[in-house]
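Here's the structure we're looking at; comments come further down.
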Amino acid sequence: MFDPTYLIFAATILSFALFQLNLRLASPVLAIVNRWLRWIIFGTGGALIATHYELIDRPYWAVAVAFLLIWFLGETLYNWLAIKALSVSSLPLFPKFTANTSGEEWPTNPRLLKLRDWLRAQNFKQVQALKAEVGQGVHLRVSVYQDASAATRVQITFLPQINGAISVCCSLSTQTVSGYRYVTDNLFLPFGGFYPENWLVERRPWTRSLATLLASHRARLAKAGEMALPWTTEPLNDLNAQQRELEQVNTELGFLMPHADREDFGKMTYEGRYRVWKEIWLLNYFGRSARYE
């Protein structure tokens, strides 16, 4: 008879190997796979221990389901407390960007240098390097490129991880004659808020290839039959204007508290915290962003 202990043990080794690998790669895809593994290991392993030592007098499958629910509740509590802490902290939800003149706008990681070489090969030119402080001494670094026609902007965002690795996300933006802003990105950070009405945003966290993301962005524009307008504003001015617009829209629509109430109640409303919690779960375990009507 097959002993499930060996399968659980193999899954544990695989989870540890993925964790070690992701310390260097900082891949959200590997992180999703490893979260599922840890959840399954906790549920099946906990049930195996409980039934083996006769701690619980229930069928194995029922105990496993109970342990899976315990994991869900525990992680829900952790995420909810983290969201509340962010809401009442001094960390900005929509940070202000400044020009990055330190010369450190692009990490010297071979994997990331290949991305820069690809952009150059596709005739994208860097127009500006930016940064925003999101914590004490912690900065988001952004490098903005434009294609030869200046119609499509590529925003490369470098996200520092706790372990020192750097994760990269890409966002492509195009303005159209009809007044819309088409955005296609692979951001895996939860947002949960509202976008302005003229923003048509498609988030594709599973798509880690910039070439694939660019093809999807251009396909969206072609399908809509939209005519692109060349960018005329500097990325710094445009990005800070976006941040101000997002904060205003989300305050008006009830995602953020009014400014006068934030000191007492935090930045996010209860509905806003729920939306962020929901998107955290969808991104962490399914790699997709929440869609709201």
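The values are calculated or read from the model by the stated rules, or taken from the named source; none is laboratory data. For clarity, every value in this text was computed on a predicted model and none was experimentally measured. Glycine gets a Cβ as well: all are built from the backbone with ideal geometry, and neighbour counts include every protein chain shown.
See the values below:
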{"read-out": "Filter result for Arg58 (on the phi < 0 side of the Ramachandran plot and part of a helix (DSSP H, G or I))", "value": "no"}
{"read-out": "Sole residue being part of a helix (DSSP H, G or I) and free of Cβ contacts under 8 Å to residues at least 12 places away in the same chain, chosen from Asn284, Asn250, Asn237", "value": "Asn237"}
{"read-out": "Single residue of Gln126, Gln136 found to be free of Cβ contacts under 8 Å to residues at least 24 places away in the same chain, under 30 Å from Val276 (Cβ atoms), in the same structural domain as Trp277 (by TED's automatic domain parsing) and of a type in the set (S, T, N, Q)", "value": "Gln136"}
{"read-out": "Residue list for segment 197-223, filter: surrounded by fewer than 13 Cβ atoms within 10 Å (Cβ to Cβ), under 17 Å from Gln175 (Cβ atoms) and in contact (Cβ under 8 Å) with a residue 40 or more places away in the chain", "value": "none"}
{"read-out": "Looking only at segment 78-100, and only at residues there that are in contact with a strand residue (DSSP E or B) (Cβ under 8 Å, 6 or more places away or on another chain), more than 9 Å from Lys131 (Cβ to Cβ) and surrounded by fewer than 15 Cβ atoms within 10 Å (Cβ to Cβ), the one that is modelled with the lowest pLDDT", "value": "Pro92"}
{"read-out": "In segment 9-32, residue nearest to the chain's Cα centre (by Cα) [restricted to those that are at pLDDT 90 or above and surrounded by 16 or more Cβ atoms within 10 Å (Cβ to Cβ)]", "value": "Pro28"}
